[in-house]
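S.K.: Below: one structure in structure tokens.
The values are calculated or read from the model by the stated rules, or taken from the named source; none is laboratory data. None of the values given here were measured: they were computed from a predicted structure. As a convention, Cβ positions derive from the backbone with ideal geometry for all residues, glycine included, and neighbour counts pool all protein chains shown.
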Amino acid sequence: MAGHPHLSAGVLDFDLGNTDSTVVCWKLIDRRIPFIFHTGRVYSAFRQWPSAPVILKSATQSLISSVAGLFR
């Protein structure tokens, strides 16, 4: 979905079982599409994307506010 032509922003879970969302992150960066992490843990890999907020699960209002901030 990172290649979808109408994508405006992304909400990513970093840990995807046997892999992670690193490839998706770089695709979004290349396309200048903002994203946030909604994840259960903080990973050292997040330092690669300092502009991407990290919202720990389970979040409700903080997630909504962060997603809304991507569109400002």
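S.K.: Within the range 53-68, is there a residue that is among the aliphatic types (A, V, I, L, M) and touching a residue at least 40 places away in the same chain (Cβ under 8 Å)?
M.R.: yes
S.K.: Just to confirm my filter: which strands (runs of 3 or more DSSP E) fall fully inside the range 5-71 and include at least 1 residues that are out of contact with any helix residue (DSSP H, G or I) (no Cβ under 8 Å at 6 or more places or on another chain) and surrounded by 13 or more Cβ atoms within 10 Å (Cβ to Cβ)?
M.R.: Working: elements: 10-12, 35-39, 54-56.
Because the criterion is at least 1 residues that are out of contact with any helix residue (DSSP H, G or I) (no Cβ under 8 Å at 6 or more places or on another chain) and surrounded by 13 or more Cβ atoms within 10 Å (Cβ to Cβ), the strands (runs of 3 or more DSSP E) in the range 5-71 that meet it are 35-39, 54-56.
S.K.: For the range 1-47: of the residues being of a type in the set (S, T, Y) and more than 24 Å from I64 (Cβ to Cβ), which is modelled with the lowest pLDDT? Working first, answer last.
M.R.: Filtering the range 1-47 down to residues of a type in the set (S, T, Y) leaves 8, 19, 21-22, 39, 43-44.
Going one step further and asking which of them are more than 24 Å from I64 (Cβ to Cβ), we end up with 19, 22, 44.
Details: T19: 89, T22: 91, S44: 86.
Among them, the one singled out is S44.
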